[in-house]
Amino acid sequence: MRCPYCGNLESKVVDSRPSDEGSSIRRRRECLVCHRRFTTYETMESLPLVVIKRDGSRQTFDKSKVLSGMLRACEKRPVSFDTLERIANEIEQTLQNEMTREITTTNIGEMVMERLRTVDEVAYVRFASVYRQFKDISTFMEELNKLLKEK
């Protein structure tokens, strides 16, 4: 690991501990030349996931996009950022565990809605209204009625 201060390639690990709920390892290192300390993180390499959008285009999966969509749906709602981050991590982990490397936005949206429904019903309806592209008030009411019947 190259020292960020002097550029030397030799360092020793002073401390090592799990980070991000065990998904990475945080290491404190000390440069063998300038003796300054710096931190590195070691994470497991994952294969890229490709998202197939509605228009047929493809792009790599970006967890931050899932998180930002949920943040918009939960705006001014009593849902913590940690909860939304946990959901985004769960979705990403579920997708990584599947054998397919390509996933549709439809599948991702359904996963988000499934989890938001249990966290906050208003956020769920907000997300569903954008995701399912409700055309008019009747389709919106149909979704609300489904939600009420499940209670």
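The values are calculated or read from the model by the stated rules, or taken from the named source; none is laboratory data. Please read these numbers as outputs of a predicted model, since none were measured by experiment. Methodologically, a virtual Cβ is constructed for each residue, glycine included, from the backbone with ideal geometry; neighbour enumeration extends over all protein chains shown. Note: areas computed on protein heavy atoms with side chains; ligands, DNA, RNA excluded. Shrake-Rupley method; radii C 1.70, N 1.55, O 1.52, S 1.80 Å.
Please work out which residue is farthest from Q133 (Cα to Cα), limiting yourself to the range 87-112 and to residues that are open to solvent by less than 80 Å² (accessible area, probe 1.4 Å) and part of a strand (DSSP E or B).
This residue is I103.
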Open item on the list: Where the second residue is surrounded by 10 or more Cβ atoms within 10 Å (Cβ to Cβ) and not in a strand (DSSP E or B) and the first is free of Cβ contacts under 8 Å to residues at least 12 places away in the same chain and polar (S, T, N, Q) and lies in the range 52-63, which pairs have Cβ atoms under 9 Å and are six or more apart or on separate chains?
Closed with: Q59/K53
Task: Of all residues in the range 113-151 being among the small types (G, A, S) and either out of contact with any helix residue (DSSP H, G or I) (no Cβ under 9 Å at 6 or more places or on another chain) or more than 18 Å from A88 (Cβ to Cβ) (or both), the one that is least open to solvent (accessible area, probe 1.4 Å) - done: S129
TODO: Could you please let me know if Y41 is out of contact with any helix residue (DSSP H, G or I) (no Cβ under 9 Å at 6 or more places or on another chain), open to solvent by 70 Å² or more (accessible area, probe 1.4 Å), of a type outside the set (D, E, K, R) and at pLDDT 95 or above?
DONE: no
Task: Where a residue in the range 67-85 is more than 20 Å from S23 (Cβ to Cβ) and its partner, wherever it lies, is among the basic types (K, R), with Cβ under 7 Å and at least six apart - done: A73/R126
Open item on the list: Among the residues of the range 23-38, what is the count of those that are open to solvent by less than 90 Å² (accessible area, probe 1.4 Å), over 24 Å from the mean Cα position of the chain (by Cα) and not hydrophobic (A, V, I, L, M, F, W, C)?
Closed with: 3
